[in-house]
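Handing you this structure, nothing more for now.
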Amino acid sequence: MEQQTGTGQEEAQTAHCDWHPSVETRLSCSQCGRNICTQCLVQASVGIRCPECGKTAKMPTFDVQPTYYAKAVGVGVAVAIGGGVLWIIFNAIFGGFGILSSIPALGVGYAAGEFISRSVNAKRSKGLAYIAAGAVVGAYIISLPSSPQVGFFGLIILFVGIYTAVQRVK
């Protein structure tokens with residue numbers, strides 16, 4: 001009997017990876033159908049994908065463009081100035097009550113988080129969290145000359161205000 005070399009049919013079935021041409025493969029992308037090898041495949045919930053089809057896209061909520069950061073900085077500065085002025089007025093009225101003069105930190109924290117979030121269409125990022133925290137700290141610095149000595153508990157309330165602002169945009 002004669003043995004067949006099998007060169008005709010096997011070569012027709014052998015495919016090479018589109019990204020690694022020297023690697024033979026029998027795998028293909030479930031979306032575009034291109035040949036892929038085990039080195040470049042991306043496991044997806046709907047099967048295996050090539051490196052291009054398997055790229056992860058950022059969720060729109062976390063895709064913050066530079067224009068949004070500019071808006072957030074503008075709103076953060078406005079909240080810091082407005083919050084600082086309101087804090088000064090609050091301290092003028094209730095300044096003699098010690099820890100009570102730290103309470104505006106909670107309001108400024110909430111306002112910073114809420115206004116920044118609204119100005120950037122509810123986007124979220126670490127950068128926005130830093131801007132919101134900076135707005136609360138800015139308001140605190142503006143109000144410092146009018147603040148009585150508040151001590152440790154006043155700083156805790158300030159950090160709660162910062163936390164409140166950050167959680168809204170983080």
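Return the total of residues in segment 97-120 being in contact with a Pro (Cβ under 7 Å, 6 or more places away or on another chain) and at negative phi.
Number of matching residues: 1.
Sticking with this structure for a sec: Please specify each residue of segment 26-47 satisfying the condition of being at pLDDT below 90 and not in a loop (DSSP other than H, G, I, E, B).
Selection gives Val42, Gln43, Ala44, Gly47.
Pick from Ala129, Ala165, Ala122: which is touching a residue at least 40 places away in the same chain (Cβ under 8 Å), buried (at least 23 other Cβ atoms within 10 Å of the Cβ) and not charged (D, E, K, R)?
Ala165 is the lone residue from the list that is touching a residue at least 40 places away in the same chain (Cβ under 8 Å), buried (at least 23 other Cβ atoms within 10 Å of the Cβ) and not charged (D, E, K, R).
Just to confirm my filter: which helices (runs of 4 or more DSSP H) fall fully inside segment 87-170 and include at least 1 residues that are polar (S, T, N, Q) and over 30 Å from Val64 (Cα atoms)?
Passing ranges, in order: 126-143.
Quick one: what pairs do we get from segment 46-62, first residue more than 28 Å from Ser117 (Cα to Cα), second among the β-branched types (Val, Ile, Thr), C-beta under 6 Å, 6+ apart or different chains?
Cβ pairs passing all conditions: Arg49/Val42; Cys50/Ile36; Gly54/Val42.
Further question on the same structure: Within segment 63-73, take every residue that is without any contact (Cβ under 8 Å) to a residue 24 or more places away in the chain and assigned to a helix (DSSP H, G or I) and give me the one that is surrounded by the most Cβ atoms within 10 Å (Cβ to Cβ).
Ala70
Next up: Could you tell me how many of the residues in segment 116-160 are at pLDDT 95 or above, touching a Leu at 6+ places or on another chain (Cβ under 7 Å) and within 21 Å of Phe94 (Cα to Cα)?
0
List every residue pair whose Cβ atoms sit under 8 Å apart, with the two residues 6 or more apart in sequence or on different chains, where the first one lies in segment 133-148 and is farther than 23 Å from Gln167 by Cβ and in the same structural domain as Val73 (by TED's automatic domain parsing) and the second, anywhere, is part of a helix (DSSP H, G or I) and of a type in the set (Asp, Glu).
Partner pairs satisfying both residue conditions: none exist.
Which of the residues that make up segment 37-56 are hydrophobic (A, V, I, L, M, F, W, C) and surrounded by fewer than 14 Cβ atoms within 10 Å (Cβ to Cβ)?
If the condition is that a residue be hydrophobic (A, V, I, L, M, F, W, C) and surrounded by fewer than 14 Cβ atoms within 10 Å (Cβ to Cβ), then Val46 is the only one that fits.
The values are calculated or read from the model by the stated rules, or taken from the named source; none is laboratory data. For clarity, every value in this text was computed on a predicted model and none was experimentally measured. Ideal geometry is used to build each Cβ from the backbone, glycine not excepted, and the neighbour counts take in all protein chains shown.
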